[in-house]
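Working notes, beginning with the structure itself.
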Amino acid sequence: MKICGIELKGNNAIIASLLFDGTDYTVINKDVKKIVLKDTDQQSDVQEFSKELYSFFDSVGFEAIAIKGRAKKGKFAGGSVSFKIEGIIQNSKYPVVIFPGATIKAKLKNTEIDASEVNGYQEEALRAAVCYNITI
């Protein structure tokens, strides 16, 4: 099963692409690490971001998308741009599940995560994908 894990930070969709065989996984498509929404006020930039993101999803042929959720309110709430990106992702043709950070932490409590094949900033996206695989 191919799962795309995503963490949203600012105007970036940080990506980890994983191929699962049971609970074992391999990092695939290592070239695409993040996709950036340039100017959120420009319709053409939002459309270009959507096109690039959907094209990436189609080229890999993911079976699901797992997003690390952000707080909706409070001190650590996500910004408006990340909510816009989340909506674009949810509008894709792929099943999308949003996992709160606490859920990911709880589900992966006894699971060993090998993040050696991704950059440090991609680790939360990787954890979201692994969480999806063991939850669904």
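Highest GNM mean-square fluctuation among D31, D21, D58, for the chain modelled with Cα contacts below 10 Å: D31.
When the inverse distances between all different Cα atoms of the chain are averaged and flipped, the Kirkwood radius reads 14.9 angstrom. Put D114, D24, D41 in order of accessible area, highest first, and with a 1.4 Å probe you get D41, D24, D114.
Straight-line cross-link partners of K51 among the aspartates and glutamates, defined as a Cα under 18 Å from its Cα and at least 8 positions apart when in the same chain: D31, D39, D41, E86. Summing charges over neighbours of L19, with a neighbour being any other residue whose Cβ is under 11 Å away from its Cβ, gives -2 when K and R count +1 and D and E count -1.
Within the accessible area of the stretch 1-116, what % is carbon and sulfur when the probe is 1.4 Å and the other protein chains stay in place? Using a 1.4 Å probe with all protein chains present, the stretch 1-116 comes out at 47 percent carbon and sulfur.
Multiplying the residue separation of K33 and T111 by 0.36 nm and subtracting their alpha-carbon distance yields 25.7 nm.
Surface exposure of the stretch 27-108, expressed per residue as accessible area with a 1.4 Å probe, stands at 59 Å².
Structural descriptor for the stretch 6-79: relative contact order 27 percent, calculated from alpha carbon pairs under 8 angstrom and at least 6 residues apart.
The values are calculated or read from the model by the stated rules, or taken from the named source; none is laboratory data. What you are looking at is a predicted structure, and each value in this text was computed from that prediction instead of being measured. Please note: Cβ atoms are built from the backbone with ideal geometry, for glycine as well, and neighbour counts cover all protein chains shown. The accessibility values were calculated without ligands, DNA or RNA, using every heavy atom of the protein model including side chains. Shrake-Rupley method; radii C 1.70, N 1.55, O 1.52, S 1.80 Å.
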